[in-house]
Every structure is written in C-alpha cells, then in structure tokens.
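Just below is one structure, and these are the notes that go with it.
Quick note: the coordinates plus some simple rules give every number you see, no bench work behind them. Remember, predicted model here, so these are calculated numbers, not experimental data. Here the Cβ is made from the backbone with ideal geometry for all residues, glycine too, and neighbour counts use every protein chain on show.
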Amino acid sequence: MLVLVAAGFALWLAHARAWDLGRRSPVLGFDAAQYALAARTLAEQGKLGTTFALPIELVKHPSPPWPLAAVQPGLVLAEAAVDRLVPPVLGSRQRPILTLQMPHQREWLTLVIPFVSYLMLTALLALLTARLIARHAPAATAVERAAAALTVGGAFLLDPEAQHFAIGAFTELPYTLGLVAAIAWIAIGRTPAPLLFGLLLGVTGAFRGNLLWLAPWLAAGAAALAPEGRRRRAFALVMLGYALPLLPWWIYKWRTFGHPAWDLSALALWDGVGTRTWFSLTHLPAMPDLPRGWEAVSSVAGKLARNTGPLLLGMTVGPRGLWIGAIVVWLVAVRGGARPLKVAGWIVLVHAAIAVIVAGLGAGWLRYLFPARVPLEAAGVLASWALLGRVPPQALGPQAVQAARVAVVALALGWGGWQTARGNAEAAATVASRGLPSVSTLRDLGHRLRRELAPGEPVMSNLGPTLAWYARRPVVHLALTPADVDACRARLPFRHVVIAFREVEHAWRGWDELVRDPGSARANPGWNVRDVRAWRTHGDGFTVVWVELAPMAPSFALAGGR
C-alpha cells in the first residue's frame, strides 16, 4: 500500500506538471467548473443552483441562479461539503499557514474528491486482488500475492486517463470507485446485504446517471448470490436501496423541470444526427426540432453504428483485447469456477457492452468508457493468471508457466508506463494550444468585470462556467452566432459579451469575423453594438474582444419575452 500510494502521488504530480496545472491550465475546465459553481452556490446559499447557463436553458428559466440542468448531484454535494469544511485561512489570521480566499486558490479544493478517489481505487484493486488470490489460489506465496496486487493497482495508477481525471474535478473517478466497490462486493463471495448494497449503488449513481442502465444487472448479480427462495426479495431490496438516495434528486427534477428523469445532457443523443451538433442544439434560446418516429429510430441507429467501431477499437487497443479474451475464455471454457467470480465476470462484460452502447448513442468519446475499462482490465489480468494456473504441468512445465505469469505483469505495467510517458508528452505539447486561457488571464478578466459592472450583472462569454467562477457573476454561454444574441437578451437582459480565442481559426463560425476585425462590429447594424474593445493577452496569446451592446428595440424584447 505504501508503494502504491507513493507512486500515486508521484504520477499525479508528474501529470499535473505536464499540464502546468494552476497556471497555463486552470484547474476548472468547462465540465469541472459547472460542478464547482453549483457546489459553491450550495455551500454559500444553501440551495441547488448555478451561475452558469447554456442559451437553451433560458427558455424555461431565464433568471439566475439557474437550476441544475446538466450535472448530477453527487459531486456537487461532495464539493460543497469540502468547501464548507475548509476555511478561507488555515492557521491564525496573524500567522496564516495557507490562504484559500480567492477563486484561483479555492479551485484547488475541487481536486480533493477525485484525488482521494484515485488513491482509494488503487488500494481497492490491490486489496481485492490479494484477497481473491489468497482465497482461490492458496498455494500462491505472500510474495506472489504482493506482486499481483502491485501489478493490478500499479496498472491502474499508470493509466493516463485516470491521472487526468485525478487532476480535474470530474465525476469519473468517484463513480468508478463506487462501481468497482459494488463488483468487488459480489466477487469476494459474501452475499451482499441487499438494501445496503442498493444504497451503495444509489450513492454511486448520484455521480453519473449511467448507472441507471447497469443497476438492474448489479441487482440481479446480488440476487443470484442470495439463498434459494429469497432472490426476488433481494433484487427488490437492492433496487429500493438504489432509489432511496436518488429520490430527493428525482423530486427536485420533477418540481423544477416537470419530469423526474429530465436532463439536458440527453440532447447528446442527437449530436451528430444530420447536421445537428451539440452547439447547434444547446446554444440557441429555443428547444430544437428533433426527429420523430421511424426517422428518429433510423437516425439514432445509424449514429450508433458509426460510433461503435471506433469505441470497440479503443476498448481493445494494446493488451486490452487480450484481457477481454481471457475473461471470455475463463467464463465460457472453465467449468467449476466459483459462482461469485462468475457472476462478477459477467457483470464486468455486460457493463462494458452497456458503456459502448451508451457512449455510441451520446458524444461517442472514449472517455465515457473509462468506468467500464477499469474493472474490465483488472479482471482481465486476473483471468489471464487464472487460465495459466489451469495449464497442465506436462504441457509447458512449471518454469514456462511462471515465465508467462511474469510476462502478464510486464505487459500490464509496461503498457501502462508507455501510456503514461506518452500522455505526459502529449499534455506538455498540448497545453500551449488549449482553448482555455491561463489562470492569470482569467483572473484579469474577472477583475475587469468586477470593476466595471455592477455585482451580479450577467454577461455572455464563450469562457462559460470558468469565467463565472473567476468573475463571481452569472454567465450565459456564447450564442451560436452574433445574430442569435438578441434572442438571448429578450429572455435575460445583459449588456456585455466577452469572447476570447487563441487564434481566429479557433473561433466559432459566425464569431470569427469579430475576432479577425473587432472594429467591423460597429459597422454591422444587426449586431447592435455600442462599443467594442479588443486586446491581446500576455503569456498565453489570446485575443479578447469585449462588446458592449446597445439597448434592444422594445418590440423585439416584448416578442422574445412572450
């Protein structure tokens, strides 16, 4: 454990340095900042809300603070608890040890949950490995058990995606921690207390809504280990336990949006269908026109077919294909295996299949497969060793089998080490071209907004929730095009638009003209501009354009407000 924890600290620090975290790379990117804003609102005002909204959210809730339309409550509650527990100044006012008062200082508190989850996942995987080997391979020595635990735990630590999620306030790591804990509970062979097991699933599901599709399978797995005649009751109790922690959240959704399952991220289903993109779906103050009937079914099926191939390739690249094959062979070909391990193995495979389908129906990003990859790869390493243990001695010989086991260790750790080196090199090369300004630029923009605008006055910006964090004011994400700004203003009165892009080529279509020639805004009557300022930031080389808008025509404002 000491070796793994020390390695986790070192790998986390190396990845953070590669990204130049806290300087050129803010701790709070787009997704992380949304959770941080909601947590800060909860910690300071005691209610669920946020100071950031997408233009589409103005349709039903035009005034800030806006309800939580695109985030799950788990990380919000956890970050709010950390925020309340940590005072602005550690130590005495006269002799402070550490000051955490400004936004750029308190943003580091959002890393507590993912970093702790990173280390706890490593410890859980290592302990589970040692426990399973001790129970199912009693002939293994203490050294072999320790080596196996270090291999499985170390392979996870060396996953660059895990390191990346640990340096940002993302939901992936705490969600994966709860998921692996649930699978481990089944794998170790102890019949889970159904209600308690369900409560674990409910808390885990509060971090990501995807568990809704897996919860019945986990409940079925727990029920399969229950005594004969009590399996239906066990299944029902697991699902009840799953629902209990989430019930207040579903009630909040129902009261706020009219449906307990309403979630803005569901629009990702139509991202890539026809000419629709996530931006075109959410950056207009109107509900999008979506396909229906057979057209909807065929369009979504085509999208899933297009995305499945690349996602499967990402799941099987490197030794991952070997790990999946080992699990399948062990489950299908090996007879007489322990029932809890069999149940856990099938759950791991079912979860991987569900993850591919859900990711394919959504944005199609490989990052959404991470919670499925972690248990899949750990189980694959264990299955490989289990298969080698069943090789007849006369087929290879004890030394060859031992060499094959060592080869599995070398493959798992070697692949992880190569991936870590590659990931850090890519981070160091990418940080200079990120689409988000440095912390110094964000602090400067926040200071300018506080100095020139009234407290609480909303602005529109492509920097979205990150600017809302630093400026401590409501921010609406940038409209799809300049022509769509007035439609947003008809619902939420604001006078200032602040955009920042590194290069003209990086600007959104429709906004590139303004970045290329800020003075052209005054000559365009459709943009309704009173004044415009532009400057180039020092250090990160962003072009910032600050547009002050003229009052809207009364007729347009009244039309938009209806």
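Peptides 263-270, 104-111, 374-381, 284-291: what's the order by average Cβ count within 10 Å, highest mean first?
My ranking of the peptides, most packed first, is 374-381, 104-111, 263-270, 284-291.
What does DSSP give for the chain in terms of the percent of beta bridges that are antiparallel, rounded to the nearest 5?
DSSP beta bridges in the chain are roughly 70 percent antiparallel.
Mean separation of Cα pairs under 8 Å and 6+ residues apart, divided by the residue count of the chain: what relative contact order is that in percent?
18 percent
How about the range 209-270: which trypsin sites (Lys or Arg not before Pro) there lie in a loop by DSSP and see at most 13 other Cβ atoms within 10 Å?
Counting only loop positions with at most 13 other Cβ atoms within 10 Å, the trypsin sites (Lys or Arg not before Pro) in the range 209-270 are R230.
Using helices alone, what [θ] at 222 nm do you get for the chain, with -39,500 (n - 2.57) per DSSP H run of 4 or more residues, divided over all residues and rounded to the nearest 500?
The helix contribution divided over the chain gives -19000 deg cm²/dmol.
Around L284, which amide H atoms from residues at least 5 apart in sequence, or from another chain, sit under 5 Å from its own amide H, with H modelled in the peptide plane?
Here the answer is I56, since their amide H atoms fall under 5 Å of that of L284.
Ordered by residue, what ³J(HN,Hα) values in Hz, to whole numbers, does the range 109-123 give under the Karplus form 6.51 cos²θ - 1.76 cosθ + 1.60, where θ = phi - 60° and Gly and Pro are x?
Going residue by residue, I get 5, 5, 8, 4, 5, x, 5, 4, 5, 4, 6, 5, 4, 4, 4 Hz, with x marking Gly and Pro.
Which shape class, rounded, prolate or oblate, goes with the chain when its Cα gyration tensor gives a ≥ b ≥ c as root eigenvalues, a/c under 1.5 marks rounded, and past that a/b bigger than b/c marks prolate?
Here the chain falls in the prolate category.
Enumerate the calculated ³J(HN,Hα) couplings along the range 301-316 in order (Karplus 6.51 cos²θ - 1.76 cosθ + 1.60, θ = phi - 60°), each rounded to whole Hz, writing x wherever the residue is Gly or Pro.
4, x, 5, 4, 5, 5, 7, 5, x, x, 5, 5, 4, x, 6, 10
Using per-residue counts of other Cβ atoms within 10 Å, averaged over each peptide, order 400-412, 204-216 from highest down.
204-216, 400-412
Mean separation of Cα pairs under 8 Å and 6+ residues apart, divided by the residue count of the range 261-340: what relative contact order is that in percent?
18 percent
Dipole of the range 205-309, Cα-centred, from +1 at each Lys and Arg C-beta and -1 at each Asp and Glu C-beta, to the nearest 20 debye?
340 debye
Relative contact order for the range 439-561: what percent, with Cα pairs under 8 Å and sequence separation of 6 or more?
23 percent
Using alpha carbons only, how many degrees (0 to 90, rounded to 10) separate the axis of helix 398-430 from the longest principal axis of the chain?
10 degrees
Looking at the square roots a ≥ b ≥ c of the eigenvalues of the Cα gyration tensor of the range 439-561, which shape do they give, rounded for a/c under 1.5, prolate if a/b is larger than b/c, or oblate?
oblate
Whole-Hz ³J(HN,Hα) for each residue in the range 47-60, computed from phi via Karplus 6.51 cos²θ - 1.76 cosθ + 1.60 with θ = phi - 60°, x for glycine and proline: what do you get?
9, 6, x, 8, 9, 10, 8, 7, x, 5, 6, 6, 5, 9
In what sequence, highest mean first, do 344-353, 178-187 appear when ranked by Cβ atoms within 10 angstrom?
178-187, 344-353
Long-range amide H contacts for W19: which residues qualify at under 5 Å (H placed 1.01 Å from N, peptide plane, sequence gap of 5 or more or a different chain)?
Counting only residues 5 or more places away or on other chains, the set is empty.
Would you grab the residues whose amide H sits under 5 Å from the one on V89? Only those 5+ places off in sequence or on another chain, please, with H modelled 1.01 Å from N.
Placed amide hydrogens put L100 under 5 Å from V89.
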